[in-house]
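Below is one structure, written out as structure tokens, with a few remarks after it.
The values are calculated or read from the model by the stated rules, or taken from the named source; none is laboratory data. Quick caveat: nothing in here was measured; it's all calculated off a predicted structure. Positions of Cβ are backbone-derived with ideal geometry, glycine not excepted, and every protein chain shown enters the neighbour counts. The accessibility values were calculated without ligands, DNA or RNA, using every heavy atom of the protein model including side chains. Shrake-Rupley method; radii C 1.70, N 1.55, O 1.52, S 1.80 Å.
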Amino acid sequence: MDLQTIKVGVGKCYIIKQEGTILVDSGTPEEFNKFSEGLKDIGINPKEIKAIVITHCHWDHIGCAKKIKDMTGAKVIVQKYEKNILEKGELAMPPSVTRWGKIFAAFLNSWSKKFSIEPCEADIVLGEEDYSLEEFGIKGKIVFTPGHSPGSISVVLDSGDAFVGDMAMNGLPLTIGPNLPIFAEDMSLLKNSWTKLIDMGVKNIYPAHGKPFPVEKFKKKLVL
Ligand SMILES: [Zn+2]
């Protein structure tokens, strides 16, 4: 697998290249230049990107979706429970589940209000079933993994690499080391989604915030 990362504001975008190329998430609003410059730096032609998988529709994941879609012509993939947020360009924030999360959220809430998110039309709207990425030249699938938000999805490659959005966070200022997210709609649902991924045999976890880590390092945090 050829994997590239572009930091677009506070969120990370992953570019997965196998036979085909896909993008996971689209970063913070108004940071599109960081994405287009990042693409140039890694030598990827925008037209190579055939799909944009939105792991969930919080503002720091949908921020540049519309502009990236226009630039690449890629199909935007989203789960049906969050389609409206994407298509209306709404500012969605999850509730905090830790003390630090509450403090941090107060800051984020006021900061993120200054953003305007461009609405972006979805091309492929997923249900709760798995969705193969074969049509995009990627050996893997999209799996429904709700909990952080109602329509969270993850990209799980046959290699065991899993791109999980905000199902885990790794590093300051959010968490110390790989951990459960400090924001979540439903923590027990989130843990069930982790069980689902672990049962599928995922090995390496790529969060949207922080560095990748082996799932083994994280299992004890789950207390399933
Ligand atoms: Zn999120």
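Name every residue in the range 70-99 that is in contact with a helix residue (DSSP H, G or I) (Cβ under 8 Å, 6 or more places away or on another chain), β-branched (V, I, T), at pLDDT 95 or above and not in a helix (DSSP H, G or I), in order of residue number.
Those that are in contact with a helix residue (DSSP H, G or I) (Cβ under 8 Å, 6 or more places away or on another chain), β-branched (V, I, T), at pLDDT 95 or above and not in a helix (DSSP H, G or I): V76, V78.
Identify, by number, the condition in (1) at pLDDT 95 or above; (2) open to solvent by 30 Å² or more (accessible area, probe 1.4 Å) that K102 doesn't meet.
Only one criterion in (1) at pLDDT 95 or above; (2) open to solvent by 30 Å² or more (accessible area, probe 1.4 Å) is unmet by K102, namely (1).
For K114, work out the one condition from (1) part of a helix (DSSP H, G or I); (2) surrounded by fewer than 17 Cβ atoms within 10 Å (Cβ to Cβ) it doesn't fulfil.
(1)
Being buried (at least 18 other Cβ atoms within 10 Å of the Cβ) and part of a loop (DSSP other than H, G, I, E, B) is the filter here; which residues of the range 160-174 pass it?
D166, M167, A168, L174, listed by residue number.
Hey, any hits in the range 121-141 for a residue that's at pLDDT 95 or above, within 13 Å of the ligand (Cβ to nearest atom), closer than 24 Å to M1 by Cα and open to solvent by less than 30 Å² (accessible area, probe 1.4 Å)? Break it down stepwise before answering.
Our first condition is that a residue be at pLDDT 95 or above; within the range 121-141, this holds for 121-141.
Still in the list and also within 13 Å of the ligand (Cβ to nearest atom): none.
No, because not a single residue in the range 121-141 is at pLDDT 95 or above, within 13 Å of the ligand (Cβ to nearest atom), closer than 24 Å to M1 by Cα and open to solvent by less than 30 Å² (accessible area, probe 1.4 Å).
List the number of the failed condition for S152; all other conditions in (1) within 15 Å of the ligand (Cβ to nearest atom); (2) open to solvent by 20 Å² or more (accessible area, probe 1.4 Å); (3) touching a residue at least 40 places away in the same chain (Cβ under 8 Å); (4) out of contact with any Phe, Trp or Tyr (no Cβ under 6 Å at 6 or more places or on another chain) hold.
(2)
Please work out which residue is least open to solvent (accessible area, probe 1.4 Å), limiting yourself to the range 32-69 and to residues that are away from the ligand (no atom under 16 Å from the Cβ) and assigned to a loop (DSSP other than H, G, I, E, B).
Within the range 32-69, the match that is least open to solvent (accessible area, probe 1.4 Å) is I44.
To keep it simple, each residue is scored yes or no on (1) in contact with a Cys (Cβ under 6 Å, 6 or more places away or on another chain); (2) part of a loop (DSSP other than H, G, I, E, B); (3) closer than 25 Å to G63 by Cα.
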{"site": "P119", "(1), (2), (3)": "no, yes, yes"}
{"site": "E128", "(1), (2), (3)": "no, yes, yes"}
{"site": "P146", "(1), (2), (3)": "no, yes, yes"}
{"site": "P150", "(1), (2), (3)": "no, yes, yes"}
{"site": "V156", "(1), (2), (3)": "no, no, yes"}
{"site": "I176", "(1), (2), (3)": "no, yes, no"}
{"site": "V202", "(1), (2), (3)": "no, yes, no"}
{"site": "Y206", "(1), (2), (3)": "no, no, yes"}
{"site": "K217", "(1), (2), (3)": "no, no, no"}
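Please give the number of the condition D186 fails out of (1) closer than 27 Å to D2 by Cβ; (2) of a type outside the set (A, V, I, L, M); (3) surrounded by 15 or more Cβ atoms within 10 Å (Cβ to Cβ); (4) out of contact with any His (no Cβ under 6 Å at 6 or more places or on another chain).
Going through the list (1) closer than 27 Å to D2 by Cβ; (2) of a type outside the set (A, V, I, L, M); (3) surrounded by 15 or more Cβ atoms within 10 Å (Cβ to Cβ); (4) out of contact with any His (no Cβ under 6 Å at 6 or more places or on another chain), D186 breaks only (1).
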